[in-house]
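*Asks:* First, the structure itself, so that you have it in front of you.
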């Protein structure tokens with residue numbers, strides 16, 4: 001049984017403002033994780049979506065990848081959104097919107113702490129997917145879509161601290 005509330009935390013040597021931009025700006029989101037072009041209307045009730053980058057389009061995925069609604073926004077400290085993966089297999093597509101919370105806290109001793117809390121209540125297939133349950137360490141980079149939030153946050157941390165990513169862009 002996968003937890004219905006999953007919490008991931010990473011410490012990053014970057015300012016809260018820089019981390020906020022990396023989460024909310026397409027020029028950053030296209031560079032790490034599974035890539036995608038983030039569009040946020042950063043106000044409660046505003047919409048957000050993740051549009052496909054060229055590799056997604058080349059693979060035939062031309063529609064939005066993720067969408068949802070902004071529930072709470074306090075730049076650069078907190079962002080709460082609803083979240084639905086649109087490009088997923090049918091067993092995931094039928095699940096409800098989940099709630100994703102980003103909390104960014106500056107630490108006096110360890111850089112900036114980024115906590116991602118994903119409430120996946122009622123969405124067991126999304127819960128498994130974002131937990132990293134389908135990660136394949138032996139898969140080629142362009143075929144491993146199973147690392148979940150741990151992988152995304154590791155890639156974000158690497159990008160912000162080194163200017164490079166774990167997996168080179170295609």
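*Asks:* Order of 116, 5 from fewest to most other C-beta atoms within 10 Å?
*Replies:* 5, 116
*Asks:* Given points 7 Å out from each Cα along the Cα-Cβ axis, report the residue 150 to residue 72 separation in nanometres with one decimal.
*Replies:* It is 2.7 nm.
*Asks:* What's the extension gain from residue 166 to residue 115 if we count 0.36 nm per residue and subtract their Cα-Cα distance?
*Replies:* Difference between extended and current length: 16.4 nm.
*Asks:* Same structure, new question: Dividing the convex hull volume of the Cα atoms of the range 4-56 by its residue count, what figure in Å³ per residue is obtained?
*Replies:* In the range 4-56, the Cα hull volume divided by residue count equals 126 Å³.
*Asks:* Fewest Cβ neighbours within 10 Å first, please rank 12, 166 accordingly.
*Replies:* Listed from fewest to most nearby Cβ atoms, that is 166, 12.
*Asks:* Continuing with this model, one more query. Let me know the Rg and Dmax you get for the range 5-161 when you use only its Cα atoms, in Å.
*Replies:* Rg and Dmax of the range 5-161, Cα atoms, are 15.0, 46 Å.
*Asks:* For the chain, what is the calculated [θ] at 222 nm in deg cm²/dmol (nearest 500), taking -39500 (n - 2.57) for each run of four or more DSSP H residues and dividing by its residue count?
*Replies:* -7000 deg cm²/dmol
We did not get these values from a lab; they are worked out from the coordinates using the rules stated. Note that the structure is a prediction, hence the values are computed from the model and not measured. Positions of Cβ are backbone-derived with ideal geometry, glycine not excepted, and every protein chain shown enters the neighbour counts.
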